[in-house]
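The values are calculated or read from the model by the stated rules, or taken from the named source; none is laboratory data. Being a predicted model, the structure only gives us computed values, none of them experimental. Cβ placement follows ideal geometry from the backbone for every residue including glycine, while neighbour counts extend to all protein chains displayed.
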Amino acid sequence: MSDKIKILIVDDEIKFLDTIARRLEMRGLEVAKAADGQNAVRIAREQKFDLALLDLKMPGLDGRQVLEILKREHKFIEVIVLTGHGSLESAVECTRLGAFGYLPKPYELDQLLEVLKEAYQARLHKKFEADQEKTARIAQLAMGSSPLSILREMRKLDDGEK
C-alpha cells in the first residue's frame, strides 16, 4: 500500500496527459491516467483515488459527466477541472456539481500544485469529520447493544464508505 497521494488524470490530449502525469509523478504523487471519460470511470471503480484532475471537453463522456459520476460514487474524492474550454457558466456548473477547483489551460504548475494541496486538505477534513461521526455512532451503539448488534452496525458503517 502506497503512502503517496493518488490522483486520476483524465484528458483526451495524450501528449498533455503524459506531460502533466510525469510532472506530478516527479513531485511524489501516484498517478493513473485515462484518455477518455469511460476509462476514467472504469479506473475509478477499480481503484481508490484521493484526487482527480479532469478535462471538460472530451468525446463520449465529457468532463462534467465524469465529475458527476465521481462525486456520486466516491464519497471523499476531490475533483479539479483543468480545461482549455472554460467559461464562467461551466465553472459555476462544475462547482455546483462538486468540483473543488476550476483552472484554465495552459496552467501554471505552482498554481496547480497549490490547488491540489488545498483539495487534499479538504478531503482529509471531510474524512476526519466522517470518522468522528462513525466513532460517535459506535460509542452510542456500545452503550446498549449486544456485541453481535454492534458488529452488524459497524459493518453497515464500513460499507457506507468508498
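When only residues in the stretch 76-85 that are touching a Lys or Arg at 6+ places or on another chain (Cβ under 6 Å) and not in a strand (DSSP E or B) count, which is modelled with the lowest pLDDT? Per the criteria, the residue is His85. Here the stretch 2-14 is the region considered, the condition is being among the charged types (D, E, K, R) and more than 15 Å from Met58 (Cβ to Cβ), and the residue that is surrounded by the fewest Cβ atoms within 10 Å (Cβ to Cβ) is Asp3. Within the stretch 88-102, residues that are in the same structural domain as Arg64 (by TED's automatic domain parsing) sit with their Cβ atoms under 7 Å from residues that are aromatic (Phe, Trp, Tyr) and outside any loop (DSSP other than H, G, I, E, B), at 6+ positions apart or across chains, in these pairs: Ala91/Tyr102; Cys94/Tyr102; Thr95/Tyr102. Restricting attention to the stretch 86-96, the residues that are surrounded by fewer than 17 Cβ atoms within 10 Å (Cβ to Cβ) and in a loop (DSSP other than H, G, I, E, B) total 1.
In the condition set (1) more than 23 Å from Glu114 (Cβ to Cβ); (2) within 14 Å of the chain's Cα centre (by Cα), Ile14 is compliant with all but (2).
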